[in-house]
Amino acid sequence: MRILVTGGAGFLGSHLADRLVADGHEVVCIDNLSSGRLRNVERLAASGRFRFIEADVLDPLPPCGPLDCIYHLASPVPCACREDRPVATLRTAAEGTRRVLDLAAEAGAVFLLASSSEVYGNPRTHPQVETDAGRVSPVGPRSAYDEGKRFAEALAAAYARQGGVKVRIARIFNTFGPRMRPDDGRVIPAFIVQALAGRPLSVHGSGEQTRSFCYVSDMVEGLLSLAGSDYGGPVNLGNPDEVTILGLASDVLGLTGAAGGSEISNRRSQISIEFLPPRPDDPVRRRPDIGLAQRLLGWQPRVPRAEGLKQTIEYYRSEEPVA
Ligand code: UDP
């Protein structure tokens, strides 16, 4: 197949591109390199089945040739946009997604939207189910990303209803692995970089808030399965293995050798941690209900958190400069 990945030089996009090229597909990647990096995809050129185009989905799209499938991942990373790029984030979600949907309509391609668990905001359900309509502040500090993703879902659903576009909507929960930027503000790269540098881990709030972290190879598998299905509604993709942020800190300290793992659980005084003010509107608990993905796609994550963390730590040890 000929496949377009927008945001294909980013963390998740580049792992997806790796897999698609390895599976024998021809892949075109569009990325404006705002957070993506050429080095994530450089070696794919040798396959002869990969083309990189530096472009912004906000601009008229370059000619991409015939397409069977589009994975639309292009978006500023959530942390950055909370702080300094809310307008660009909303524009990318609205205008950028419209452009890519138009392209899908024109090409008759399947369109997979990389949506997010952020559409649930501070959720009413736990674990979160797709039927939960979400609870998001339209004007809060996370609203640009959250409402942007909500709008992108609405737009995709409208193109499916009105334009007959074959839309797939992946609600992606926290995903991690090699190639996350060390400075992107997300908790796993932050903790690993801090631990490797011998600095205290920066925990926002009490650290009792939870997340459920999915290793990137599992997420890629989920995206492929969803794109290959004929289901048009939103589908949660993530790993239901829920952990507190303090629990995660403990894992990272143990696995990097920055602390003896068994000593640190429940003994805050011994944890090398710096407590910082809570992030505004930080969801208290997050865990995907993946029943729908299991039934529909026969998909479920396989990589345990500790294994994924080991791979990720290894990457930062060998590839990323530790500040
Ligand atoms: N967090 C933290 N220290 C950091 C970065 C994040 O304690 O250096 C917390 C953050 O407040 C949140 C959780 O870790 O409760 C996950 O944050 P992240 O930005 O990785 O993902 P998201 O909030 O988008 O799920």
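The values are calculated or read from the model by the stated rules, or taken from the named source; none is laboratory data. Keep in mind it's a predicted model, so treat the numbers as computed, not measured. Backbone-built Cβ (ideal geometry, glycine too); neighbour counts: all protein chains shown.
When residue 163 is tested against the conditions (1) within 28 Å of residue 87 (Cα to Cα); (2) away from the ligand (no atom under 16 Å from the Cβ); (3) modelled with pLDDT of 95 or more, the lone failure is (3).
Considering only residues of segment 194-222 that are of a type in the set (S, T, N, Q) and under 18 Å from residue 128 (Cα atoms), which is surrounded by the most Cβ atoms within 10 Å (Cβ to Cβ)?
To start, the set of residues in segment 194-222 that are of a type in the set (S, T, N, Q) comprises 194, 202, 206, 209-210, 212, 217.
Add one more test, that the residue is under 18 Å from residue 128 (Cα atoms), and what stays is 209-210, 212.
Details: 209: 18, 210: 18, 212: 22.
Here the residue is 212.
Of note, residue 19 satisfies the criterion of being closer than 20 Å to residue 219 by Cβ, in contact (Cβ under 8 Å) with a residue 24 or more places away in the chain and surrounded by fewer than 20 Cβ atoms within 10 Å (Cβ to Cβ).
I'm checking my understanding of the structure. Among residues of segment 127-175 that are among the acidic types (Asp, Glu) and part of a loop (DSSP other than H, G, I, E, B), which one is farthest from residue 102 (Cα to Cα)? Lay out the reasoning, then the answer.
Here is the first cut: in segment 127-175, the residues among the acidic types (Asp, Glu) are 130, 132, 146-147, 153.
Of the ones still in play, those that are also part of a loop (DSSP other than H, G, I, E, B) are 130, 132.
Working: 130: 26, 132: 28 Å.
Among those that are among the acidic types (Asp, Glu) and part of a loop (DSSP other than H, G, I, E, B), it is 132.
Which residue out of 146, 84, 132, 68 is without any contact (Cβ under 8 Å) to a residue 40 or more places away in the chain, charged (D, E, K, R) and either in contact with a strand residue (DSSP E or B) (Cβ under 8 Å, 6 or more places away or on another chain) or crowded, with 20+ Cβ neighbours inside 10 Å (or both)? Quick ask: steps written out before the conclusion?
On the way: 84 fails: either in contact with a strand residue (DSSP E or B) (Cβ under 8 Å, 6 or more places away or on another chain) or crowded, with 20+ Cβ neighbours inside 10 Å (or both); 132 fails: either in contact with a strand residue (DSSP E or B) (Cβ under 8 Å, 6 or more places away or on another chain) or crowded, with 20+ Cβ neighbours inside 10 Å (or both); 68 fails: without any contact (Cβ under 8 Å) to a residue 40 or more places away in the chain.
Of 146, 84, 132, 68, the one residue that is without any contact (Cβ under 8 Å) to a residue 40 or more places away in the chain, charged (D, E, K, R) and either in contact with a strand residue (DSSP E or B) (Cβ under 8 Å, 6 or more places away or on another chain) or crowded, with 20+ Cβ neighbours inside 10 Å (or both) is 146.
Taking the criterion of being near the ligand (Cβ under 8 Å from one of its atoms) and surrounded by fewer than 18 Cβ atoms within 10 Å (Cβ to Cβ), the only residue of segment 172-185 that qualifies is 185. Of the candidates 245, 264, 271, the single residue that is within 14 Å of the ligand (Cβ to nearest atom), at pLDDT below 95, surrounded by 15 or more Cβ atoms within 10 Å (Cβ to Cβ) and β-branched (Val, Ile, Thr) is 271. Remark: residue 125 falls outside the filter, which requires a residue to be buried (at least 18 other Cβ atoms within 10 Å of the Cβ), polar (S, T, N, Q) and either at pLDDT below 95 or over 23 Å from residue 225 (Cα atoms) (or both).
For the condition under 30 Å from residue 299 (Cβ atoms), hydrophobic (A, V, I, L, M, F, W, C), within 12 Å of the ligand (Cβ to nearest atom) and in a helix (DSSP H, G or I), what is the one hit in 190, 195? So that I can check it myself, show each step before the final result.
Details: 195 fails: under 30 Å from residue 299 (Cβ atoms).
It is 190.
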